[in-house]
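Engineer: Have a look at the structure that comes next, please.
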Amino acid sequence: MELDKIKELAEKYFEGMTSEEEEAQLIRYLSDPALPPSLKAEYGYLVEQSSAVPNPSDDFYERLDALTRTEATIGRERRPLRYSLRIAATAALLVAAYFLADYIGSRGMKDTYSDPQVAMAEVKSILTLVSENMNAGRRELGTVSTLGKAPEAIGEVGRMNRVLEENLGKLRYLDLLDITKEN
C-alpha cells in the first residue's frame, strides 16, 4: 500500500476532483487493516460514511404530492366577515377624509383688520414710509452743485470739504437703511 497514493487521492477527494473508481479505490485503501493509525485517525471517517444514496420509498411521491398540492378552500363562513371588515374600513376612511377636509378648510385666510378704514390707513402709512425711505437718496445735494464751478481760491477747498462731509452724511443715512432692511 502506498501512503502517498492515499494522501493524493484524499486531497483530490476533498477538492471534488475524483471519479467514482478513484473514490472506491480510496475507500478500499482506507478499509485495509494494515493502514497506519495516523492515517486511520485522519481519514478513517470516510470509510464509515455511506456512499450509496437510498432510493425513495414507493409511496414517497404520493405523500409529497399530498403535502404540496393541497387546494386552498375558503369557507363560506368567512365571507360575511370579510365584507363587513371592508365596509368598516371604507367608512373609517370616509370619516377621516371628512375631518381632514374640514380641518384644512377652516385654516383659510382671514382678515387681519375687521374694519376696512383702519386697514386702508395702515396701508397708506406703510406705503408713505417706504416711499420716503426710497426717495431719501434721490434728493439733490444742496451745495455740491457748486463744485461744477471753478473754485475762486484755494482757501475755499476746506469749506468745500465741510460741505461734502455734510452732504455725504446725508447719503450715509441710506447705508443705515440698507443695514436695517437686511436685519
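The values are calculated or read from the model by the stated rules, or taken from the named source; none is laboratory data. Here the structure is a predicted model, which is why all the values come from computation and not from measurement. Neighbour counts run over all protein chains shown; Cβ positions are idealised from the backbone, glycine included.
Engineer: Taking segment 27-81 as the region of interest, how many residues are farther than 14 Å from LEU3 by Cα, at pLDDT 80 or above and assigned to a helix (DSSP H, G or I)?
Structural biologist: Of the residues in that region, 11 qualify.
Engineer: Go through segment 8-21 and give me each residue that's in a helix (DSSP H, G or I) and without any contact (Cβ under 8 Å) to a residue 24 or more places away in the chain.
Structural biologist: Correct list: GLU8, LEU9, GLU11, LYS12, PHE14, GLU15, GLU20, GLU21.
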